[in-house]
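Trainee: Quick one: structure below, then a few questions.
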Amino acid sequence: MESLRLQQKRLAQDEKRIGELDRLFIRIYEDNVAGQLDDERFAMMSRNYAEEQKTLKAEVKGLQQQIHEQEQQAENIEQFVQRLKRNGILAELTPMPSESFASLFYLFRFHFRQLASASAAWYTNTDS
């Protein structure tokens, strides 16, 4: 999975490009009206800009969702660690153990889901 920082950078780049495409479309429209750009070329360029913009907007939406999910996961882990500390289960976590703990948490969650899925499949197959 792509890091949060890289996703945020890509999101900013895509949003910037969407703005550039808006300005380019306005420019080619003005050039077309002024007679500096023929109708056929204007249609081709505006179609290409619209397709690129549509693709970028879909990518932006996906990146926003991924960033939101990663931020939410980080917040959930932080809340979990704070509860452990508050309840005296963990006296103190240094940055390195925190990262290891987060990795362990995700690994446990992954295996738990696999186990639950396998159990559900086994249970469904034994009922038949």
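Trainee: Normalise the Cα radius of gyration of the stretch 1-78 by 2.2 N^0.38 Å (N = residues in it) and let me know the number. Kindly include the intermediate steps, with their values, before the conclusion.
Mentor: On the way: Rg = 17.6 Å, N = 78, 2.2 N^0.38 = 11.5 Å.
My calculation over the Cα atoms of the stretch 1-78 gives 1.52.
Trainee: Considering only DSSP states other than H, G, I, E and B, which trypsin sites (Lys or Arg not before Pro) in the stretch 45-75 qualify as loop sites with at most 13 other Cβ atoms within 10 Å?
Mentor: none
Trainee: So if each residue of separation counts as 0.36 nm, and I subtract the Cα-Cα distance between residue 79 and residue 13, what length gain in nm does that give? The partial results should precede the final answer.
Mentor: Values: separation 66, 0.36 × 66 = 23.76 nm, distance 3.16 nm.
Full extension of this stretch gives 20.6 nm more.
Trainee: Taking amide H positions as placed in the peptide plane 1.01 Å from N, state which residues far from residue 37 in sequence (5 or more) or on other chains have amide H under 5 Å from it.
Mentor: 32
Trainee: Something else: What are the ³J(HN,Hα) values, in whole Hz, obtained from phi via the Karplus relation 6.51 cos²θ - 1.76 cosθ + 1.60 with θ = phi - 60°, for each residue of the stretch 43-55 in sequence order, with x given for Gly and Pro?
Mentor: 4, 5, 5, 5, 5, 4, 5, 5, 5, 5, 5, 4, 4
Read the figures in this text as sums done on the coordinates, not as results from a lab. Fair warning: this is a prediction, and the values are worked out from it, not measured in the lab. Neighbour counts run over all protein chains shown; Cβ positions are idealised from the backbone, glycine included.
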